[in-house]
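What follows is calculated from the coordinates using simple rules that are stated; it is not laboratory data. These numbers come from a predicted model, not from an experiment. For neighbour counting, all protein chains shown are included, and Cβ atoms are generated from backbone atoms with ideal geometry for every residue, glycine included.
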Amino acid sequence: SSMSSITEVSLRSAPFDCFSSLIGPGGARELTELAKRASGQLHGRTWWHINSTSRGGGVAEMLQSQLAYARGLGIHTRWLVLGGHADFFKITKRMHHAFHGALGDGSDLGEKEQAIYDATLKENILQLLPLIKPGDIVLLHDPQSAGLAPALVKHGATVLWRSHIGADVVNEHTDLAWHFVGHYLRHVFATVFSRKEYIPEFLKSQRSFVITPSIDAFSPKNQNMDEKTVKSILVHTGLIRGEAWAEVLPRFTREDGTPALVTSKADIVREGTAPGWETPLIVQVSRWDPLKDPVGVIRGFVNLILRVVSVDAHLALVGPDVTSVTDDPEGRAVLDSVIGAWKVLPAPIRQRIHLVSLPMEDREENAAIVNAIQRHAAIIVQKSLKEGFGLTVTEAMWKGRPVVASAVGGIQDQIVHGQHGLLLTDPHDELAFSEALEKLSHDQCLATRLGVQATERVRDLFLTSYHLEQYARVLDAIDS
Ligand code: UDP
């Protein structure tokens, strides 16, 4: 088979000025100072990021905007995506589940898998070493790239490893995951986790940082969008019906500031017609992954409409086109199982459920469509069984939507129950889930209050500016 090749993602340099409108001129000035100091300390060295995909999922989403701002702040940073074949990504997806404390497909993570993993990363290393200079700083993201650490340390780079996932409680699966990657991390400068609960016992004697994930308020995913644009994007992509809005251009602003149009359509599994603008839409946006529990969302929704006849809501499960997320091989099978669960429902219920795969060729267009869907949603749900952090929750909160989400992983750091959304103590409890939906459907006042408070929560804690500040402190530690 051919080599697994490293690819570089080209990055813009984004101006940071606009942040004063979010965090105040004082906050923006402080961060600029911090970044100046960090870039001075780099002394011409490069700050590399290496992960396993340039699109789909939270990590790619964050790197795209954060690194552009870091560049705008004068920090020389570059982003590489490692290459691998299907057998490699099957193993790393299995590891991903294990890190969440879940079984996944239950396949082995033994010596044979370790050999495939090592061989793939060895091919990547051969291409990396000529690019990375001794002294450069390399931040490796997630288990896919952990095995690159020893060779890079030996090469003279300052290596950090960041895990964006973790488990609330350790079990045999997390033990297996750490057994697989732990030994690669022996000589890294530091590790980074999204929550302190995710730091494993054996790493507690080494340096580690906790950095909370964040969203970019100006990206196509989160930028302001007026109601007409939201409508026209949703009509254009096929999510809702409404002739009147087809004439308004489905416009969004690209990351480089230029205007663009949504031209692609979504691939929607549904029966009957699209809902109208007035129909309340309950939405979950997620990769097609069993840990996002899409079938559980359907069951909870069915529960709701069987119990509460006055609710006229529809449900949309929204995810990426399954062929597009190269480091997630499970997409097709999960979507098929969702379609299977939907097919056997009675027709009147089936007609209220829409299974939406979004076009992915143009990452920014995809983001604009997600933006419109999130803004239109009456309620956003994230019924994850496990969740590293859950950027979809942050995105919904920023848009002032009432959220119903499982009290798992990083979602617990984002939402205080009853203040910024509603939490489900037991993510498997589909009755409690449908009760939370019922409550929000009937109490507009509560829904509005949660939405307003959610926006403020994100402004305080989960914006890119805060994230960059935490990164600047990590860079600061490297030279001191
Ligand atoms: N996402 C997207 N298009 C989709 C589905 C998801 O852009 O069709 C994005 C979503 O908006 C969010 C990210 O993928 O920014 C998912 O991040 P999250 O932390 O919620 O979960 P992960 O996929 O990393 O497990």
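I'd like the full set of residues that are in contact with an Asp or Glu (Cβ under 9 Å, 6 or more places away or on another chain) and within 16 Å of the ligand (Cβ to nearest atom), limited to the stretch 149-188.
Once the filter is applied, which keeps residues that are in contact with an Asp or Glu (Cβ under 9 Å, 6 or more places away or on another chain) and within 16 Å of the ligand (Cβ to nearest atom), the stretch 149-188 yields R162, S163, H164, I165, G166, A167, D168.
So which strands (runs of 3 or more DSSP E) stay within the stretch 150-268 end to end and still have 2 or more residues that are hydroxyl-bearing (S, T, Y)?
Working: elements: 158-163, 190-193, 208-210, 251-253, 259-261.
Strands (runs of 3 or more DSSP E) meeting the threshold: 158-163.
Take the stretch 382-395 and flag every residue that is farther than 14 Å from D429 by Cα and part of a strand (DSSP E or B).
none
Give T425, T455 a once-over and let me know the one that is β-branched (V, I, T), free of Cβ contacts under 8 Å to residues at least 24 places away in the same chain and over 15 Å from S286 (Cβ atoms).
T425
Would you mind telling me which numbered condition in (1) in a helix (DSSP H, G or I); (2) out of contact with any Gly (no Cβ under 9 Å at 6 or more places or on another chain); (3) not β-branched (V, I, T) A102 fails?
Going through the list (1) in a helix (DSSP H, G or I); (2) out of contact with any Gly (no Cβ under 9 Å at 6 or more places or on another chain); (3) not β-branched (V, I, T), A102 breaks only (1).
Scan the stretch 291-310 and tell me whether some residue there is within 16 Å of the ligand (Cβ to nearest atom), in a strand (DSSP E or B) and buried (at least 18 other Cβ atoms within 10 Å of the Cβ).
Among the residues of the stretch 291-310, not one is within 16 Å of the ligand (Cβ to nearest atom), in a strand (DSSP E or B) and buried (at least 18 other Cβ atoms within 10 Å of the Cβ), which makes the answer no.
Looking at S54, S4, S39 in this structure, which one is surrounded by 17 or more Cβ atoms within 10 Å (Cβ to Cβ), part of a helix (DSSP H, G or I) and of a type in the set (S, T, N, Q)?
The conditions single out S39.
So in the stretch 338-366, with the set limited to residues that are surrounded by fewer than 15 Cβ atoms within 10 Å (Cβ to Cβ) and not in a loop (DSSP other than H, G, I, E, B), which one is nearest to the ligand (Cβ to nearest atom)?
This residue is I339.
Any residue in the stretch 318-332 that's farther than 21 Å from V381 by Cβ: show its pairings with residues that are part of a strand (DSSP E or B) and more than 9 Å from the ligand (Cβ to nearest atom) at Cβ separation under 7 Å, as long as the two are six or more apart or on different chains.
Close Cβ pairs (under 7 Å, with a partner that is part of a strand (DSSP E or B) and more than 9 Å from the ligand (Cβ to nearest atom)) amount to D321/D267.
Taking A260 and the conditions (1) surrounded by fewer than 19 Cβ atoms within 10 Å (Cβ to Cβ); (2) at positive phi, which numbered condition does it fall short on, given that it satisfies the others?
If we test A260 against (1) surrounded by fewer than 19 Cβ atoms within 10 Å (Cβ to Cβ); (2) at positive phi, just (2) comes out false.
Condition first: touching a strand residue (DSSP E or B) at 6+ places or on another chain (Cβ under 7 Å), among the charged types (D, E, K, R) and over 23 Å from T53 (Cβ atoms). Now tell me which residues in the stretch 158-209 satisfy that.
Residues satisfying the conditions are K196, R207.
With respect to A146, is the statement that it is free of Cβ contacts under 8 Å to residues at least 60 places away in the same chain, crowded, with 23+ Cβ neighbours inside 10 Å and small (G, A, S) true?
So A146 fits the description; yes.
Just one of H96, H49 is within 16 Å of the ligand (Cβ to nearest atom), in contact (Cβ under 8 Å) with a residue 12 or more places away in the chain, assigned to a strand (DSSP E or B) and under 21 Å from the mean Cα position of the chain (by Cα); which is it?
H49
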